[in-house]
Amino acid sequence: MDGVSLEVRVGEYIGVVGPNGGGKSTLVRLLNGLLRADSGRVRVMGFDPSAQPFEVRGKLGVLFQNPENGLVAPFVEDDVAFGLENLGVERTEMRRRVAEAISTVGLSGYERREPHTLSGGEKQRVALAGLLAVEPEILVLDEPTSMLDASGRREVLEHLGVLRGEKTILHVTHHLEELLDADRILVLNGGRLAADVTPERLLSDTELLRENRMILPTVPRLAFALGLLPTKLRTPEELARAVRERAANEARAR
Amino acid sequence: MRLELRDVHHVYSPGTPFEVVALRGVTLSVEPGEVLSIVGGTGSGKSTLVQHMNLLLVPASGQVLVDGEDARTLKKSELRRRVGLVFQFPEAALFAPTVQEDVAFAPHRIGLGDEEVRTRVRQSLAAVGAGHLAERSPFALSGGEKRRVAIAGVLAMGPEVLVLDEPTAGLDPATRQDLLGLVRGLREAGISVVFVTHDLDEVAEVADRVCLMEGGVARAVGTPAEVFYANLENAPATVQIVAGLKAAYPGVGEPVRFEETTAALRELLEG
């Protein structure tokens, strides 16, 4: 990190992107107090994460990349309750929060399943439920889908979408297609804030993308190559439809 | 080298309450000098399958053959030198004070001379584009650099088949592209590459053949076009786009790679 200044407002959904080694993980660790800034100031809801880690961790939860590393308990419900036990939450309140968190991530009925029997997407949702049970106001997602297959990725993203607006979310990822609905995208490169832009702006700025070792996802890249508006086309189906319409128009014009 | 798996079954923790049948009879070959991609959802058996390729896992039944001979008749060390396996997140195993010492570790262990080891370290670091990192500490590298150094460590053993399990997970898009370039380079050098991934768009760009795993069986094996156009729910974006146009424009063909697909769609638009 080399002189980064940024501010995230309540309820924002912020994407964080940039090359490996650009500073994304460092930012996450500065926010939850695992690292202390050499100089400058970090504040999370007024608290200094490195000096007041317990205050901060009740307010800011981090979902890490690999769900295998975070699950510790024999059953799903114990795992979700783990963070609460550490905070000394009272028993009936704990039950309520665990049930609610499990239902938010769509895993009702999984309470007595053993985490090791779950798929990657399900494990990551258990980890997310464990965070939600602590009722943090800020969620930091550090590449939450990079270990998941396509269906696991869809599952996790769908359940994150539900939290939008309710929580302040920082979502670190290499997959730009996950950030098309973000309020802003922060680009970190070489420890500096290289850009703070809307998704539309980032997707249409080929220079900015190249400088920061990013490549457009396949659908917008193909749309761009065909002279169609890439930011309006997200799914293969949408692009196929746009091509059909364009082809029909051109046939009529001839 | 031609590597073959014949009707391979695998069961984890057999005879215990934790018994899991991971492979239910897989027959598959890795042809000399090809890039074979193994795709399929989490838990479909991809990692279990590739760990049989150098007998890190031993099949419950079925056979692994190297150039037609039962792999069990080869010395384990010899088999593992010829079939190099790069695990998921291989950078977790980096340990030496410098990159070159890390890469030199395994070649030294098999008794190669200092001069030969130096040559191999230089060549394999150059192959992964990490020659400039030789003197650095592996722990001070970025994620993409660590990944490449870990791959160099396996390349230094001079494998004939290189198995990469999720080599691009967690890497930035440009670093992923570099790694795909490395895979193409290895194929040109005559090394077969087995490439396990969740990213079907990557498979579209590098694979000669694809094996789609599902529930411990190889559901489809063939060229990318054959496998993807018959399994659209497991196809890259390019194929899904073209599939949405085939009914109206049957002449569009079955492109898979990005450039092919762009060309086919341009032609369609221009009538």
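The values are calculated or read from the model by the stated rules, or taken from the named source; none is laboratory data. Predicted model, so just to flag it, every value in this text is computed and none were measured. Positions of Cβ are generated from backbone atoms using ideal geometry, with glycine treated the same way; all protein chains shown enter the neighbour counts. Quick note on the areas: whole protein, heavy atoms, side chains included, nothing else; ligands and nucleic acids left out. Shrake-Rupley method; radii C 1.70, N 1.55, O 1.52, S 1.80 Å.
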Legend entry - Under-5 Å amide H pairs with B:ALA220, H placed in peptide plane, nonlocal only: B:LEU212
Legend entry - Two-site label geometry, A:THR235 and A:ILE215: point separation in nm, points 7 Å out along Cα→Cβ: 2.5 nm
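Can you give the FRET efficiency for A:ASP183 and A:ALA37, using 1/(1 + (r/R0)^6), R0 = 25 Å, r = Cβ-Cβ distance, to the nearest 0.05?
Values: r = 25 Å, r/R0 = 1.00.
Once the sixth-power term is evaluated, E becomes 0.50.
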Inset, instruction - Find the relative contact order for chain B and round it to a whole percent, using C-alpha pairs within less than 8 Å whose residues are 6+ positions apart. - result: 23 percent
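How much length is gained on full extension from B:THR73 to B:VAL58, taking 0.36 nm per residue of separation minus their Cα-Cα distance?
On the way: separation 15, 0.36 × 15 = 5.40 nm, distance 1.30 nm.
Once the chain is fully extended between B:THR73 and B:VAL58, it gains 4.1 nm.
Compute the accessible area per residue over the stretch A:1-156, keeping the other protein chains in place, probe 1.4 Å, unit Å². Don't skip to the end; give the middle numbers.
Values: 7460 Å² over 156 residues.
Heavy-atom accessible area per residue stands at 48 Å².
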Legend entry - Solvent-accessible area per residue, Å², over chain B with all protein chains present [probe radius 1.4 Å]: 41 Å²
Legend entry - the stretch A:24-90: chymotrypsin sites (Phe, Trp or Tyr not before Pro) falling in loop per DSSP and having at most 15 other Cβ within 10 Å: A:PHE75
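R0 = 45 Å: FRET efficiency of B:THR16 with A:GLU166, Cβ-based, nearest 0.05?
Numbers: r = 43 Å, r/R0 = 0.96.
For R0 = 45 Å, the calculated efficiency reads 0.55.
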Legend entry - Nitroxide proxy distance, nm - points 7 Å out along Cα→Cβ at B:ALA96 and A:ASN86: 3.7 nm
Inset, instruction - At q = 0.07, 0.14, 0.17 Å⁻¹, what is the base-10 log of I(q)/I(0) for the stretch A:13-215 according to the Debye formula with one equal point scatterer per Cα and no solvent? Please give it to two decimals. - result: -0.21, -0.84, -1.18
Inset, instruction - Quote the FRET efficiency, to the nearest 0.05, computed for A:GLU55 versus B:ASN231 with a Förster distance R0 of 45 Å and r equal to the Cβ-Cβ distance. - result: 0.35
Legend entry - Total charge dipole magnitude, chain A, about the Cα centre, Cβ charges on Lys, Arg, Asp, Glu only, Debye to nearest 20: 640 debye
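Quick check on my link table: of A:LYS24/A:LYS232; B:LYS46/B:LYS75; A:LYS232/B:LYS46; A:LYS59/A:LYS232; A:LYS167/A:LYS232; A:LYS24/A:LYS167, which ones sit more than 30 Å apart, alpha carbon to alpha carbon?
Working: A:LYS24/A:LYS232 28 Å; B:LYS46/B:LYS75 25 Å; A:LYS232/B:LYS46 35 Å; A:LYS59/A:LYS232 35 Å; A:LYS167/A:LYS232 26 Å; A:LYS24/A:LYS167 20 Å.
Table pairs above 30 Å Cα-Cα are A:LYS232/B:LYS46; A:LYS59/A:LYS232.
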Legend entry - Helix axis angle, A:150-163 relative to chain A longest principal axis, alpha carbon, degrees: 70 degrees
Inset, instruction - With a 1.4 Å probe on protein heavy atoms only, work out how much accessible surface A and B bury together, total over both chains, in Å² to the nearest 100. - result: 3000 Å²
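Could you pull out the GluC sites (Glu not before Pro) across the stretch A:48-143 that fall in loop regions by DSSP (anything but H, G, I, E, B) with no more than 12 other Cβ atoms inside 10 Å?
Working: sites: A:GLU55, A:GLU68, A:GLU77, A:GLU85, A:GLU90, A:GLU93, A:GLU100, A:GLU111, A:GLU122, A:GLU137; in loops: A:GLU90, A:GLU111, A:GLU137.
Answer by residue number: A:GLU90.
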Inset, instruction - Roll a 1.4 angstrom probe over the protein heavy atoms and tell me the percent of accessible area of the stretch A:13-215 that is carbon or sulfur. - result: 47 percent
